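The values are calculated or read from the model by the stated rules, or taken from the named source; none is laboratory data. Nothing here was measured: the structure is a model prediction, and the numbers come from that model. Neighbour counts run over all protein chains shown; Cβ positions are idealised from the backbone, glycine included.
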Amino acid sequence: MRAVIAAFHNSITGLVTRFGGFVARNLGDGVLAYFGYPQAHEDDSERAVNCGLVMVQAVTKLDTLAGPAGTLRARVGIATGIVVVGDVIGSGSSLETPVVGDAPKSGSAPSGHCTSRCGDDRRDNTAAHRRAVRVPRRWPPCFEGLDDPIQAWSVVAQSAVDSRFAALRFGQGALVNRIEEIELLLRRWKQATTESGNVVLLLGEPGIGKSRLIAALEQRLQAHRMCGFRFSCSPHHQDSPLYPVVRHFERVANFQRGDSPSTKLEKLRRLLASDREVQTDLAVFAYLLSIPTHDKLQSTIAPQRLKEMTFAAIVRKLESLAASAPMLVVVEDIHWADPTTLDLLDKLVAFVERWPILLVVTARPEAQLSWASKANVTVRLLNALDNEHAAQLIVNVSGAISLPDNVVNRILIHADGVPLFIEELTKTVIERGKVNNDPLSIIIPNVVPTTLNASLMGRLDRLVAGKEVAQIGSVIGREFSFEMLQELSGLPTKRLMEAVRELAQAEIAIEHGRPPDATYTFKHALVQDAAYTSMLRERRRRSIYGLLSC
Ligand SMILES: Nc1ncnc2c1ncn2[C@@H]1O[C@H](COP(=O)(O)OP(=O)(O)O)[C@@H](O)[C@H]1O
Ligand SMILES: [Mg+2]
């Protein structure tokens, strides 16, 4: 029994760690794991769901003294919600990290299943859910300590949807503003089709509307006879070489779950059918897409050479398509790209010049790209929406419900013109209004939409010393001074200097002046709100008392 349990725990602990989670407690034959604590990531719910799926599989493959593989079965329950974690009792002596909240009560599922109730707000639209293939749970919910039955889902598999944007936005509302950007892109497209191919690099912080802009461009180009390539980088696959390329070809070749290797090979052959060097490229692509074939490329060819062959095959594919029609090649979110994809991109930037290709690349502003200064590259930074356009977006999102001015103003102030924040805040306000049966009387201070909480906390958790200082700052207000921080935090000057430097570098807060005379402003009110709500009331209160006596 000991050996079986040990094998189980080893396997589970390894997986939880691999997916960026944290094993909080071993409960005999069970494990309690957290995603989002102690380190929040913007995609914690997806990580949890993916990890759950893999766990259920992994346990059936364990070969233990209990019997051959297949003997053991595990069940996984996943829940999201706000919890208090850590020293709940307040004695300071606990070695464990207990949690209190509804979420931990609601994890249970029949064996061999992974159940999830991620996104416990009614909209239930976390990326994790839209990106998982799931079916409603059919067994009765029986969660200890919870009065109301709750909806849960049985997760069957990861779905093929590639991005948060694609996952969450089906029926998109109208595009607000971005007229100049669309014009620029259309001009570059025209240039690509009539003169020489070129590159547009769209930079912007998360949620500013990079993907939305590309969707709008694709829509405008629909009428043209063109062909598209889309490479979407993903935060989960940064260690997987050429993952975006692999996903692209799997999608266009129409691989289905459960396709046998020979079916996949046949689909791939059909995809490449019109190409010149079909045989070699087929072997190279088959290797890239992990389809077993008789060609033993890996054992006979050096990795560097294989990489060159792969790049050459991809470029040949592009050439053969671009020879027949102009092309739009989109590479999304390269801040998450693996090194090989970045190498490929270097090559593509030079390559497109000779072909009727518009290459549009998106990235967060901090991405460093050596090719950005080349002559055929246009760099465009997407700015926040101004108040007028932001208000228009609120109206688009709220639809038939008309929100009172003071609510609209609150949303405007808190969302800082970031379309994602505007959308999520508006939906949250409307949802809460429905729950309270009074859609119009809802001005809740410090609302952080559950859909954004992980992403916002992720920004704070990436800081080493800055998080605590950001929390203290959040109690003071949108603006706070170095002097006040010093008074309230009790930190030595040198450490506080390091912490505020970190806040400024990560663009959590904008620095005015030099410490110790500096003041700081939270770049986004929502980051301030997230920092504020991540503290227990007692700590906020201590900070405020400190503030009053300052
Ligand atoms: N100009 C805009 N008009 C309307 N909605 C927008 C606009 N820009 C962004 N959005 C919406 O805001 C959300 C975030 O935009 P997205 O394109 O996913 O951001 P990014 O790709 O920069 O992270 C999406 O739901 C998108 O539809
Ligand atoms: Mg995007």
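Hey, does the stretch 296-305 have a residue that's modelled with pLDDT of 90 or more and either in contact with a helix residue (DSSP H, G or I) (Cβ under 6 Å, 6 or more places away or on another chain) or within 16 Å of ligand 2 (Cβ to nearest atom) (or both)?
no
Is it the case that N406 is loosely packed, with under 14 Cβ neighbours inside 10 Å, in contact with a helix residue (DSSP H, G or I) (Cβ under 7 Å, 6 or more places away or on another chain) and under 20 Å from D529 (Cβ atoms)?
For N406, the condition - loosely packed, with under 14 Cβ neighbours inside 10 Å, in contact with a helix residue (DSSP H, G or I) (Cβ under 7 Å, 6 or more places away or on another chain) and under 20 Å from D529 (Cβ atoms) - is not met.
If you go through the stretch 64-87 one residue at a time, do you hit one that is hydrophobic (A, V, I, L, M, F, W, C), in a helix (DSSP H, G or I), crowded, with 17+ Cβ neighbours inside 10 Å and at pLDDT 85 or above?
Let us first name the residues in the stretch 64-87 that are hydrophobic (A, V, I, L, M, F, W, C), namely 65-66, 69, 72, 74, 76, 78-79, 82-85.
Narrowing further to those that are in a helix (DSSP H, G or I): none.
Among the residues of the stretch 64-87, not one is hydrophobic (A, V, I, L, M, F, W, C), in a helix (DSSP H, G or I), crowded, with 17+ Cβ neighbours inside 10 Å and at pLDDT 85 or above, which makes the answer no.
Residues that are aromatic (F, W, Y): find the helices (runs of 4 or more DSSP H) completely inside the stretch 446-550 holding 1 or more of those. Can you show your working first?
Details: elements: 450-461, 466-476, 482-489, 493-505, 525-533, 537-549.
Here the list reads 482-489, 525-533, 537-549.
If you take the residues in the stretch 218-256 that are touching a Phe, Trp or Tyr at 6+ places or on another chain (Cβ under 8 Å) and hydrophobic (A, V, I, L, M, F, W, C), which one is nearest to ligand 2 (Cβ to nearest atom)?
C233
Kindly indicate the residue of the stretch 494-548 that is acidic (D, E) and under 25 Å from P365 (Cα atoms) and also surrounded by the fewest Cβ atoms within 10 Å (Cβ to Cβ) among those meeting that condition. Walk me through how you get there before you give the answer.
Applying the first criterion (acidic (D, E)) to the stretch 494-548 yields 498, 502, 507, 511, 517, 529, 538.
Keeping just the survivors that are under 25 Å from P365 (Cα atoms) gives 498, 502, 507, 511, 529.
Numbers: E498: 16, E502: 19, E507: 14, E511: 16, D529: 23.
Step by step, filter the stretch 494-548, then rank; the result is E507.
Could you check, for the stretch 253-271, whether at least one of its residues is under 30 Å from the mean Cα position of the chain (by Cα) and under 25 Å from V361 (Cβ atoms)? Don't jump to the end; show me each part of the working.
So in the stretch 253-271, the residues under 30 Å from the mean Cα position of the chain (by Cα) come out as 253-259, 264, 268.
Narrowing further to those that are under 25 Å from V361 (Cβ atoms): 253.
So far as the stretch 253-271 goes, yes, one or more of its residues are under 30 Å from the mean Cα position of the chain (by Cα) and under 25 Å from V361 (Cβ atoms).
Exactly one condition in (1) in contact (Cβ under 8 Å) with a residue 24 or more places away in the chain; (2) more than 30 Å from P419 (Cα to Cα) is false for K494; which is it?
Every listed condition holds for K494 apart from (1).
If I ask for residues that are among the hydroxyl-bearing types (S, T, Y) and loosely packed, with under 14 Cβ neighbours inside 10 Å, which ones from the stretch 6-32 would you list? Reasoning before the result, please.
Step one: filter the stretch 6-32 for residues among the hydroxyl-bearing types (S, T, Y), giving 11, 13, 17.
T17 - this is the single residue of the stretch 6-32 that is among the hydroxyl-bearing types (S, T, Y) and loosely packed, with under 14 Cβ neighbours inside 10 Å.
Do any residues in the stretch 200-224 that are more than 7 Å from ligand 1 (Cβ to nearest atom) have Cβ atoms under 8 Å from those of residues that are among the small types (G, A, S) and modelled with pLDDT of 95 or more, where the two are at least six apart or on different chains, and which pairs are they?
L201/A363; L202/A363; L203/A363
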